[in-house]
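In what follows, a single structure is set out as structure tokens and then discussed.
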Amino acid sequence: MKDLFLHISDRIMAIAGTPVRMVDFDLGQLEREPMPPLSFPAVLVNFNAPAYISLGAGVQQAETLVTLRIAFRVWERTHSVTDTDFRPVGLAHLDILKAIHSAINNTEGEFFSPLTRVSFANAQRADLRVYTFIYSTEYYDEPINPFVPWQEIEGLGGVDFCVHPEL
């Protein structure tokens, strides 16, 4: 999962103008009192792979759900009677959400298929604006020491493992 986390983090931090200040694993930071120090806007990443299937030779595959919680400290007003000079400032975080989605959606890596958004939600909170994107991907987990057929093992040159060709 390290490669998937780094891919997501790198893609988000490479957004032009870098509107996101930090990407980290979601360890429940937004639910703690007092809240641990976070630089906002912050993206918190969580993985959920409900079940792996074996593909052979130690390789496993899972449909993995990637949850991104994007948190903002927005104090500006967004309602319809707000002064026209202030409303765009209060709504600017929505542009960051769009940029994050554009940076992540349909990207892939060596060990995972294209990320596809499957869900969007926002939390009803008075202190922060928190949005949740959930993406789906197929993640392939290969063993550290993959199986090597005996024919390819060095040092066995010329060894014939056939017992009787007639059999």
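Restricting to Cα pairs below 8 Å that are 6+ residues apart, what does the relative contact order work out to for segment 1-68? Please round to a whole percent.
On the way: 77 pairs, mean separation 16.2, N = 68.
Averaging sequence separation for qualifying contacts and normalising by length gives 24 percent for segment 1-68.
Inter-label distance, Asn46 to Glu63: 2.0 nm, where each label sits 7 Å from its Cα along the C-beta direction.
Helical content of the chain, expressed as a calculated mean residue ellipticity at 222 nm, amounts to -6000 deg cm²/dmol (DSSP H runs of 4 or more residues, -39,500 (n - 2.57) each, divided by residue number, nearest 500). Glu76 to Ser136: FRET efficiency via 1/(1 + (r/R0)^6), r the Cβ-Cβ distance, R0 25 Å, to the nearest 0.05? The value I calculate is 0.15.
Each label was represented as a point 7 Å from its Cα along the Cα-to-Cβ direction; for Ser102 and Met1 these points are 3.0 nm apart.
Considering only Ala71, Ala14, Ala57, the Gaussian network model of the chain with Cα springs below 10 Å gives its largest mean-square fluctuation to Ala57.
Expressed in whole Å with the largest first, what are the equivalent ellipsoid semi-axes of segment 1-57 derived from the C-alpha gyration tensor as the square root of 5 times each eigenvalue?
Working: eigenvalues 146, 65, 8 Å².
In descending order, the three semi-axes are 27, 18, 6 Å.
Using the alpha carbons alone, the radius of gyration of the chain stands to its Kirkwood radius in an Rg to Rh ratio of 1.22.
Note on segment 2-152: with charges restricted to the Cβ of Lys and Arg (+1) and Asp and Glu (-1), its dipole about the Cα centre is near 640 debye.
Counting beta carbons within 10 Å around each of Glu138, Glu31 and listing the fewest first gives the order Glu31, Glu138. Using a Gaussian network model of the chain with C-alpha springs under 10 Å, which one of Pro114, Pro19, Pro50 is most mobile by mean-square fluctuation? For the chain, modelled as a Gaussian network with Cα springs under 10 Å, the answer is Pro50.
Look at where the Cα atoms of segment 75-95 and of segment 103-133 average out, and the two centres are 23 Å apart. For segment 1-101, applying the loop criterion from DSSP together with a ceiling of 10 other beta carbons within 10 Å to the chymotrypsin sites (Phe, Trp or Tyr not before Pro) yields Trp75. Using C-alpha pairs under 8 Å with a sequence gap of at least 6, the mean separation divided by the residue count of the chain gives a relative contact order of 21 percent. Extension gain, Asp95-Phe120: 0.36 nm per intervening residue step, less the Cα-Cα distance, totals 7.5 nm. With respect to the chain, whose longest principal axis is taken over its alpha-carbon atoms, helix 87-104 is tilted by about 10°. Counting only alpha carbon atoms, the long axis of helix 2-13 and the longest principal axis of the chain meet at about 30°. Between Gly17, Ala42, Leu4, the Cα set farthest toward the positive side of the dipole of segment 1-47 (charges on each charged residue's Cβ, about the Cα centre) is that of Gly17.
FYI, it's all coordinate maths here, none of it is from the lab. If you're wondering where the values come from, they're calculated on a predicted model, not measured in any experiment. Positions of Cβ are backbone-derived with ideal geometry, glycine not excepted, and every protein chain shown enters the neighbour counts.
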